[in-house]
Amino acid sequence: MVALAYESQVDLSAGLVAAVKAADSKQQTANGAATDESKLPLVVILLGPTGSGKTALSLALAEQFNGEVVSCDSVAVYCGMELGTAKPAKEERARVAHHLIDVTTPDQPFTAGEYSRRARAALREIAGRGRLPIVTGGTGLYLRALTEGLFAGPARQEELRARLRLSAKRRGGVWLHRMLKRLDAPTAERIHANDTPKLIRAIEVCVAARRPMSEVMARDPLTGFHLVRIGLNPPRAQLYERLNARCAAMFAAGLVEETRGLLARYGEVKALDSLGYRQARGVIDGTLSEDEAIAAAQQEHRNYAKRQMTWFRREPEVKWIAGFGDEAESMRAAVKIVEAA
């Protein structure tokens, strides 16, 4: 009965579903005036899948161009989460100044909006000292929040969310994706069918606004900088080999012990559901052997890399490099891109 009650609320009217349409056109600037980007402070954005060598490349560019690194990673913001995050080592952070790493604790919520505010402040501060900001990391939502801003959506509706979660539990998570596709096809294309929180939020916005979320977005794009995007796209097979080795190394270095300590200190917080930590928790609660946990983490990291590339291919004007960031040829190519900017 709860599901049926919700379905009548979501359907709203034939007009809402009929109103779903592509929202791909770019929003025009308020004054329409062209900006000479060459006169603006430069910001380099390094993007690419996990394990592609972004950290090594960011360090090389920072040392060559008097730069500082602004992390764009949704888990690296948390103190104490070291082994599962592949944060730059302390020695690397000593070589080059880093921002947005270890800025909060795992029991504190940290949103894409909060990241955007802090990262934009860091860009202004770094550029204001005459240094080069280098944004690097693999969290696509955080990058989009930084460069495009986030829309101011309606408030949370807890009763509606509860109904959606119950319906998804009964019917399966894919049901939410089908529902969103009916209400807002462009948004459904951008959200993975298994990403329940984002699906629920998107449906919530459609219902509250009585319009597709893709039509009500009002963003606040980053201005005042010349953005140069450099993407790493190494060979898939070699990337997977690196990811497999890295996952095994995380467990060998003590990821289970680190996770046990974090659980003891903070409890079962959302941050500990991230890649690697989720599988380590399986070892702790006895549902996975360590070998099974390593294999599961390896598979999830490979899947995550695929999703990252799907996301980053939608980024505008990316200058792609077909290699790893720690390879000499990739470094030379990236240097030439920055010098030409």
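State the answer as a single residue: which of F312, S58, A97 lies farthest towards the positive end of the charge dipole of the chain, with beta carbon charges of +1 for Lys and Arg and -1 for Asp and Glu, about the Cα centre.
Comparing the listed Cα positions along the dipole, F312 ranks first.
Taking 31 Å as the cut-off for C-alpha to C-alpha distance, list the pairs among K270/K306; K198/K336; K169/K270; K54/K198; K39/K319 that go past it. List each step's numbers first, then the result.
Values: K270/K306 23 Å; K198/K336 38 Å; K169/K270 19 Å; K54/K198 27 Å; K39/K319 20 Å.
In this structure, K198/K336 exceed 31 Å between Cα atoms.
Return the calculated 222 nm mean residue ellipticity for the chain, to the nearest 500 deg cm²/dmol, obtained by summing -39500 (n - 2.57) across DSSP H runs with n ≥ 4 and dividing by the residue count.
Numbers: 16 runs with 181 residues, N = 341.
That calculation yields -16000 deg cm²/dmol at 222 nm.
Run the numbers for A264 and K336: contour at 0.36 nm per residue of separation, minus the present Cα-Cα distance, in nm. Present the calculation step by step, with values, prior to reporting the outcome.
On the way: separation 72, 0.36 × 72 = 25.92 nm, distance 4.82 nm.
Computed gain between A264 and K336 is 21.1 nm.
Mind listing which GluC sites (Glu not before Pro) in region 193-272 are in a DSSP loop and have 15 or fewer other Cβ atoms within 10 Å? Please list the in-between numbers first.
Working: sites: E204, E215, E241, E257, E258, E268; in loops: E268.
Answer in residue order: E268.
Return the single residue from G261, G113, G286 with maximal mean-square fluctuation; model: Gaussian network over the chain, springs between Cα atoms under 10 Å.
With Cα springs under 10 Å in the chain, the top fluctuation among G261, G113, G286 is at G286.
Among V135, L272, V174, whose Cα lies farthest out toward the positive end of the dipole of the chain, if unit charges sit on the beta carbon of Lys, Arg (+1) and Asp, Glu (-1)?
V174
Just subtract the alpha-carbon distance of D285 and R307 from 0.36 nm times their residue separation and send over the number in nm, one decimal.
Numbers: separation 22, 0.36 × 22 = 7.92 nm, distance 2.84 nm.
Length gained, D285 through R307: 5.1 nm.
According to a simple spin-label model (label point 7 Å from Cα along Cα-to-Cβ), what is the distance in nm between K319 and E292?
4.9
Over the chain, what relative contact order in percent results from Cα pairs under 8 Å that are six or more residues apart? Don't jump to the answer; show the numbers that get you there.
Values: 483 pairs, mean separation 92.6, N = 341.
Answer for the chain is 27 percent.
Give the label of the value calculated from the structure for semi-axes √(5λ) of the Cα gyration tensor in Å, choosing from [x] 34, 21, 19; [y] 31, 23, 17; [z] 33, 29, 18.
[z]
Say we join alpha carbon atoms closer than 10 Å with springs in a Gaussian network model of the chain; which of Y277, Y115, Y266 then has the biggest fluctuation?
Y266
Any idea how far apart N194 and A208 come out in nm if each label point goes 7 Å out from Cα toward Cβ?
Result for the modelled spin labels: 2.8 nm.
With a sphere of radius 15 Å drawn around the Cβ of A333, what net charge do the other residues whose Cβ falls strictly inside it have (Lys, Arg +1; Asp, Glu -1)? Spell out each step's value before the answer.
Numbers: positive: K54, R229, K319, R332, K336; negative: D326, E327, E329, E339.
Summing Lys and Arg as +1 and Asp and Glu as -1 gives +1.
Going highest first, how would you order 61-67, 130-136, 314-320 by mean Cβ packing within 10 Å? It would help to have the intermediate numbers written out before the result.
Numbers: 61-67: 17.1, 130-136: 20.9, 314-320: 12.9.
Packing proxy ranking, top to bottom: 130-136, 61-67, 314-320.
Output the DSSP H helices from the chain with an along-axis C-alpha extent of no less than 15 Å and a mean Kyte-Doolittle hydropathy no less than 1.0.
On the way: long enough: 54-65 (16 Å, 0.60); 112-128 (24 Å, -0.62); 158-171 (19 Å, -1.37); 196-209 (20 Å, 1.06); 236-252 (24 Å, -0.09); 255-266 (16 Å, -0.08); 290-312 (32 Å, -1.25); 328-340 (18 Å, 0.45).
What comes out of the filter, once short or polar helices are dropped, is 196-209.
By how many nm would the segment from R171 to R93 grow when fully extended, if each residue of separation counts as 0.36 nm and the alpha-carbon distance is taken off?
Details: separation 78, 0.36 × 78 = 28.08 nm, distance 4.70 nm.
Using 0.36 nm per residue and subtracting the Cα-Cα distance, I get 23.4 nm.
Every read-out reported here was derived from the displayed coordinates using simple, explicitly stated rules and does not represent laboratory data. Just so we're clear, the structure is a prediction, and the values are computed from it rather than from any experiment. Glycine also receives a Cβ, built like all others from the backbone with ideal geometry; neighbour counts cover every protein chain displayed.
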